[in-house]
Amino acid sequence: MTFLGQYYRTYALDFWGFGESGTKRSTYQVLDFVSLVDQFMEQMGIVSAPLVGHSMGGTVSLSVALRYPQRVQKVVVIGSPIKGSSLALALKLAGMRWIAFLLFKQMSIFRFCLKMASPYICRNPEFPYMIDHDLSQTSVESFLTSIASLRRTDLRPQMGEISVPVMGFYGARDIIVDPNEWKTLANSLPAARIEKYNKSGHFLMLEEPASFREKLKNFLDVKPQ
């Protein structure tokens, strides 16, 4: 945000039930977040813009391009699943109600386990503190419902309808989403630009920030035809 803010007006949107968005809802489906992006842009007076999303945020961004194509100039996804079946088994299980409930009831143990596993998830030394902060701002219902909804999502049948430029960043060491999901994106959108990072995982923007920022800005700088 700080880097891109030097060149673009940028907005960071927290999905309902995550981050600083404390709005209580009955559902936290992927399509709810798609609608949220449209509502946010409407309220902010943003006619259209490039969308950049990490993980589920990228899946939502692609879905916005499908549902509200007039809103989207470009889409950039980072480690995002095109099909929900590409999620790691542990994450699929965490989307089950009783497992999610147990995890959040034993949050201290859950956080400790994540801290121990963090070197395998992301090489950035700040990552354990960042993920701990994020978890502290996530509700059980939003986590449960959104992961369960993401697991059922499959954008492949509709991907051919996306006409705006798309770029995908994927890390070969991703243990959250299948690292070969870049192939799904490439097969669905042959014109998509793919950037692969062989030494990084799901949070490649934290592991190789300089390269990531440069490639992202270069893609955003190109004017749409």
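All of the numbers you see were taken from the coordinates with simple rules; none came from a lab. Computed from a prediction, not measured in an experiment: that's the story for all the values here. So basically every Cβ, Gly included, is an ideal-geometry build from the backbone, and we count neighbours across all protein chains shown.
Rounded to the nearest 500, the 222 nm mean residue ellipticity of the chain from helices alone is -14000 deg cm²/dmol, with -39,500 (n - 2.57) taken per DSSP H run of at least 4 residues. Counting every other Cβ atom within 10 Å of each residue's Cβ, HIS133, HIS202, HIS54 order from fewest to most as HIS133, HIS54, HIS202. What net charge do the residues around MET44 carry, taking every other residue with its C-beta under 15 Å from that of MET44, with Lys and Arg at +1 and Asp and Glu at -1? The answer is -1.
Proximity of backbone amide H atoms, modeled 1.01 Å from N, is registered between LEU51 and GLN73, LYS74, VAL75, VAL76 at under 5 Å, excluding neighbours fewer than 5 places apart on the same chain. Residues LYS223, LYS115 in ascending order of nearby Cβ atoms (within 10 Å, fewest first): LYS223, LYS115.
Pairwise Cα distances in the range 4-221 exceed 27 Å in 30 percent of cases. Remark: the range 29-35, residue by residue, has Karplus-estimated 3J(HN,Hα) of 6, 4, 5, 5, 6, 4, 5 Hz, where x stands for each Gly or Pro and the curve is 6.51 cos²θ - 1.76 cosθ + 1.60 at θ = phi - 60°. In terms of other Cβ atoms within 10 Å, CYS113, CYS122 run from fewest to most in the order CYS113, CYS122.
Considering only GLN43, GLY171, LEU216, and ranking their Cα positions along the charge dipole of the range 4-221 that arises from unit charges at the beta-carbon of Lys, Arg, Asp and Glu, the one farthest toward the positive end is GLY171.
Label-to-label distance for GLN70 and ALA12 is 3.1 nm, based on points extended 7 Å past Cα in the beta-carbon direction.
Only bridges with both residues in the chain count here: give the DSSP antiparallel percent, nearest 5. Of all bridge pairs located within the chain, approximately 10 percent are antiparallel. A run of the chain free of exposed loop cleavage sites, with GluC sites (Glu not before Pro) counted only in DSSP states other than H, G, I, E and B and at most 13 other beta carbons within 10 Å, reaches its longest extent at 21-125.
Phi-derived couplings, Karplus 6.51 cos²θ - 1.76 cosθ + 1.60 at θ = phi - 60°, listed residue by residue for the range 165-172: x, 10, 10, x, 9, 9, x, 5 Hz, with x used for Gly and Pro.
Distant-in-sequence amide contacts of ILE194, defined by a placed amide H-H separation under 5 Å and a gap of 5 or more residues or a different chain, comprise GLY168. Projected label points at SER163 and CYS113, each 7 Å from Cα along the beta carbon direction, are separated by 4.7 nanometres.
Rg and Dmax of the range 120-203, based on Cα coordinates, read 15.3, 40 Å. With θ taken as phi - 60° and the Karplus curve 6.51 cos²θ - 1.76 cosθ + 1.60 applied, the whole-hertz 3J(HN,Hα) list for the range 75-86 is 9, 10, 10, 10, x, 8, x, 8, 10, x, 5, 7 Hz, x standing for glycine and proline.
Using Cβ point charges alone (K and R +1, D and E -1), the dipole size of the chain about the Cα centre works out to roughly 320 debye. Once the Cα atoms are used to define both axes, helix 107-121 deviates from the longest principal axis of the chain by about 50 degrees.
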